[in-house]
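The values are calculated or read from the model by the stated rules, or taken from the named source; none is laboratory data. The model shown is predicted, which means the values in this text are computed figures rather than measured ones. Reconstructed Cβ throughout: ideal geometry from the backbone, glycine too, with neighbour counts over all protein chains shown.
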Amino acid sequence: MGLVLFLGTVNTINQAARHSLINSLVPRAELMNAIALNSSMANLAKIIGPSLGGVLISVIGVAGCLFVNALSFLAIIATLLIMEIPTVKIKTEEEAPFWREVVEGFRFLRGERRVFSIILLCYGVALVGTPYTRFLPVFATDVLHAGPSTFGLLLAAPGVGAVIAGLAIASLGRLRRRTHFVAMSVFAFSLSLILFSFSRSLPLSMFFLILVGGSNIAIRAVANGVVQMEIPPHLLGRMLSLFFMDKGLWSFGTLLIGSMAHAIGTPRAIAISGTLCAGFASVLLYQQRQPRENLAAENLTKGI
């Protein structure tokens, strides 16, 4: 348990640093495309990795597979050593204590209404939407009345959708109205998740899960791009750390959805999860609409 806790902590630090590195290496105009491409490749690895892992486990066992996985990180370290990373000079005052820097990050985030709303939306989706993956074994056995092979197909389907969506976003030019795009992606995620909860056919279930995976990666890639493009460099690491905290909510969401599933059944619980995600997206759109309506009212008053 201690090793797993340590691994989770290190992965969080690594993820924030890695995405900050993308911001340093990629021109600002192409940042959204780079983030989407990175997400697409990560999900492609999630499809290929389990297949390769299954072969390795049959040959060298679980412990041997984990050992090979650990050794593979030497290649990543070697790649980092030969990379030419540009030096970013940031004018800052004398280094402040840790907690003061954390408070500074929270204060800045409160003042950035759009970024704050997007991060909160991602938290909501992570809490009640993304944990659906933990319940795929139940759908494979109790809903579709199948075995491990069907579970494997259900697990791979969102990854396929994520790869396709990531490549599609990476191929786009400049994406306008990014906040609106995030909200629409959440609606697509919600609808696909609800339809999946009602499906009793394996092909349909896989199709809806492909849509779920594609819309989910669209949410995260574009939201990540908004955070990276609108945050000053000296606060970027702190903001990305806050952004990636949503993954920690998956476990709490699993407990919440599990409690609902125990009372009303897993399909209905997942349907409610999708409905809640749609509600969160509606709140975001409403918040973004209010300033525009107020501005239009002020202009109309001045015109009169």
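Examine the range 259-280 for a residue that is surrounded by fewer than 15 Cβ atoms within 10 Å (Cβ to Cβ), of a type outside the set (A, V, I, L, M, F, W, C) and modelled with pLDDT under 80, and state whether such a residue exists.
Taking every residue of the range 259-280 in turn, none turns out to be surrounded by fewer than 15 Cβ atoms within 10 Å (Cβ to Cβ), of a type outside the set (A, V, I, L, M, F, W, C) and modelled with pLDDT under 80.
Being in contact (Cβ under 8 Å) with a residue 40 or more places away in the chain, assigned to a helix (DSSP H, G or I) and more than 23 Å from S282 (Cα to Cα) narrows it down to one residue among V163, V182, V186; which is it?
On inspection, the qualifying residue turns out to be V163.
The rows are residues; the columns are (1) modelled with pLDDT of 85 or more; (2) out of contact with any Phe, Trp or Tyr (no Cβ under 9 Å at 6 or more places or on another chain); (3) buried (at least 23 other Cβ atoms within 10 Å of the Cβ); (4) acidic (D, E).
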| residue | (1), (2), (3), (4) |
| --- | --- |
| A170 | no, yes, no, no |
| L175 | no, no, no, no |
| F187 | yes, yes, no, no |
| L204 | yes, no, no, no |
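Tell me whether the range 121-131 contains one or more residues that are over 12 Å from the mean Cα position of the chain (by Cα), without any contact (Cβ under 8 Å) to a residue 60 or more places away in the chain and under 29 Å from L37 (Cα atoms).
no
I need the full set of residues from the range 276-287 which are touching a Leu at 6+ places or on another chain (Cβ under 9 Å) and under 16 Å from L193 (Cα atoms), in order please.
Hits for the range 276-287 are L276, C277, A278, F280, A281.
For the range 44-88, enumerate the residues that are surrounded by fewer than 11 Cβ atoms within 10 Å (Cβ to Cβ) and of a type in the set (F, W, Y).
Scanning the range 44-88 gives a single hit, F73.
Pick from the range 69-121 the residues that are among the polar types (S, T, N, Q) and more than 30 Å from I48 (Cα to Cα): which of them is modelled with the highest pLDDT?
Among those that are among the polar types (S, T, N, Q) and more than 30 Å from I48 (Cα to Cα), it is S117.
Within the range 227-241, can one find any residue that is within 13 Å of the chain's Cα centre (by Cα) and crowded, with 20+ Cβ neighbours inside 10 Å?
Checked the range 227-241: at least one residue is within 13 Å of the chain's Cα centre (by Cα) and crowded, with 20+ Cβ neighbours inside 10 Å.
Check the range 20-27 and report whether any residue there is surrounded by fewer than 12 Cβ atoms within 10 Å (Cβ to Cβ) and either among the aromatic types (F, W, Y) or part of a helix (DSSP H, G or I) (or both).
No, there is no match, as no residue in the range 20-27 is surrounded by fewer than 12 Cβ atoms within 10 Å (Cβ to Cβ) and either among the aromatic types (F, W, Y) or part of a helix (DSSP H, G or I) (or both).
Looking at the range 244-252, can you tell me whether even one residue there is modelled with pLDDT of 75 or more, within 30 Å of S197 (Cα to Cα) and touching a Cys at 6+ places or on another chain (Cβ under 7 Å)?
yes
In this structure, does M229 turn out to be farther than 23 Å from V10 by Cβ, free of Cβ contacts under 8 Å to residues at least 24 places away in the same chain and assigned to a helix (DSSP H, G or I)?
no
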